[in-house]
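Below: the structure, in structure tokens.
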Amino acid sequence: MAREGNGWITGSTGEVAEQAAALVTDAAYRALEARGRFTLALAGGSTPAGLYGLLSRGVPESTLAGYGYEVPRGARRSPADPGRITLPWLHTLLFQGDERYLPPTHPDSNFGMARESLIRHSCLPPKNILKMPVESGDADADAARYEQLLKGLFREPEAYTKEGWPVFDLVMLGLGEDGHTASLFPGDREALGEASRWCIAVDAPQGNPPGTRLTLTLPVINAADAVIFLVPASRHGLARSIFEGQRPDLPAGMVRPRVGGLWWFVGKEV
């Protein structure tokens, strides 16, 4: 496992997922102690599935210690294995960073992936699962509906930046081959320049699969207390170039948290 600077971590797929799980667990209990809840926005695609599986089972105490984290005060333990520390599920609010405009039963649904790899194996109360709506047939209206949902949950003054953006405790992101992240794609000036809305609908003809999507906007992502990228080994070089500041033109290169930390968990180049 290699760690460089303030936020670049590379290793095998299992190693980076393990260290990411340790960081997420530590962030969750820090947020719980500070604010009484943990707000987590999930990444889509297939890359995070391994991390979600680890989070659903809980992180071994030895793993937390191995990466320099203390076992949190009042840590919740897995009923199946008391040696594993689980997230504080009763106080965790789970959001989506983006979603394809597809039913959750569709194999390309981000929510469907999260449900199978994480949600169904956790003790999350149903009311704590805040999925993006994709049912009405009107994507713009559904994006506005999700924004209103967020505004109802981020009400306290300390939950906002001074510019009025919500502060998620942690936002997870992926990295596409074209440098897109969430559902913010290269060349989509309107989406990348959005300066007032929290959630928008976008047309993604270059997406996989092509079609309409909902996504959190850049100002919301950049207001988070922590942002982590989860990147497969096949995109190691692209991730490195973005991390080093060589591709500020790409959507992923525009992710620069104003106050929070930014971490890249990247599969080892082969």
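Across the stretch 137-176, which residue is nearest to ILE242 (Cα to Cα) among those that are among the acidic types (Asp, Glu) and modelled with pLDDT of 95 or more?
That would be ASP169.
So which helices (runs of 4 or more DSSP H) are wholly in the stretch 1-90 and hold at least 3 residues that are buried (at least 18 other Cβ atoms within 10 Å of the Cβ)?
Passing ranges, in order: 13-35, 49-57.
Starting from the stretch 124-139, keep only residues that are surrounded by fewer than 17 Cβ atoms within 10 Å (Cβ to Cβ), then list their pairs with residues that are in a strand (DSSP E or B) and basic (Lys, Arg) whose Cβ atoms are within a distance under 9 Å, requiring at least 6 positions of separation or different chains.
none
Filter the stretch 209-218 down to residues that are over 19 Å from the mean Cα position of the chain (by Cα) and without any contact (Cβ under 8 Å) to a residue 40 or more places away in the chain, then give me how many there are.
Number satisfying all stated conditions: 1.
Does the stretch 230-270 hold any residues that are within 17 Å of GLY179 (Cβ to Cβ) and part of a loop (DSSP other than H, G, I, E, B), and which are they?
Those that are within 17 Å of GLY179 (Cβ to Cβ) and part of a loop (DSSP other than H, G, I, E, B): PRO232, GLU244, GLY245, GLN246, ARG247, PRO248, ASP249, LEU250, VAL255, ARG256.
Test each condition in (1) open to solvent by 10 Å² or more (accessible area, probe 1.4 Å); (2) hydrophobic (A, V, I, L, M, F, W, C); (3) over 20 Å from GLY260 (Cα atoms) for LEU214 and report the one that comes out false.
It fails just one condition, (1).
Residues of the stretch 101-123 being of a type in the set (A, V, I, L, M, F, W, C) and at pLDDT 95 or above, which ones?
PHE111, MET113, ALA114, LEU118, ILE119 - these are the residues of the stretch 101-123 that are of a type in the set (A, V, I, L, M, F, W, C) and at pLDDT 95 or above.
Kindly list the number of the only condition in (1) among the charged types (D, E, K, R); (2) farther than 30 Å from VAL59 by Cα; (3) touching a residue at least 40 places away in the same chain (Cβ under 8 Å); (4) touching a Lys or Arg at 6+ places or on another chain (Cβ under 9 Å) that fails for ASP142.
Tallying (1) among the charged types (D, E, K, R); (2) farther than 30 Å from VAL59 by Cα; (3) touching a residue at least 40 places away in the same chain (Cβ under 8 Å); (4) touching a Lys or Arg at 6+ places or on another chain (Cβ under 9 Å), ASP142 fails exactly one: (4).
Please determine, by comparing only the residues of the stretch 230-258 that are surrounded by fewer than 21 Cβ atoms within 10 Å (Cβ to Cβ), within 20 Å of the chain's Cα centre (by Cα) and among the charged types (D, E, K, R), which one is farthest from ALA49 (Cα to Cα).
So, considering only residues that are surrounded by fewer than 21 Cβ atoms within 10 Å (Cβ to Cβ), within 20 Å of the chain's Cα centre (by Cα) and among the charged types (D, E, K, R), the one farthest from ALA49 (Cα to Cα) is ARG258.
In contact (Cβ under 8 Å) with a residue 24 or more places away in the chain, assigned to a strand (DSSP E or B) and surrounded by 23 or more Cβ atoms within 10 Å (Cβ to Cβ), is that true of VAL227?
Judged against the criteria, VAL227 is a match.
Would you pick out the residues in the stretch 204-224 that are over 18 Å from ARG145 (Cα atoms) and either at pLDDT below 95 or among the hydroxyl-bearing types (Ser, Thr, Tyr) (or both)?
Result: ALA204, PRO205, GLN206, GLY207, ASN208, PRO209, PRO210, GLY211.
The values are calculated or read from the model by the stated rules, or taken from the named source; none is laboratory data. Keep in mind that this is a model prediction, so the values were computed, not measured. All Cβ positions, glycine included, derive from the backbone under ideal geometry; neighbour counts span all protein chains shown. Areas reflect the complete protein model, heavy atoms only, side chains present, ligands, DNA and RNA absent. Shrake-Rupley method; radii C 1.70, N 1.55, O 1.52, S 1.80 Å.
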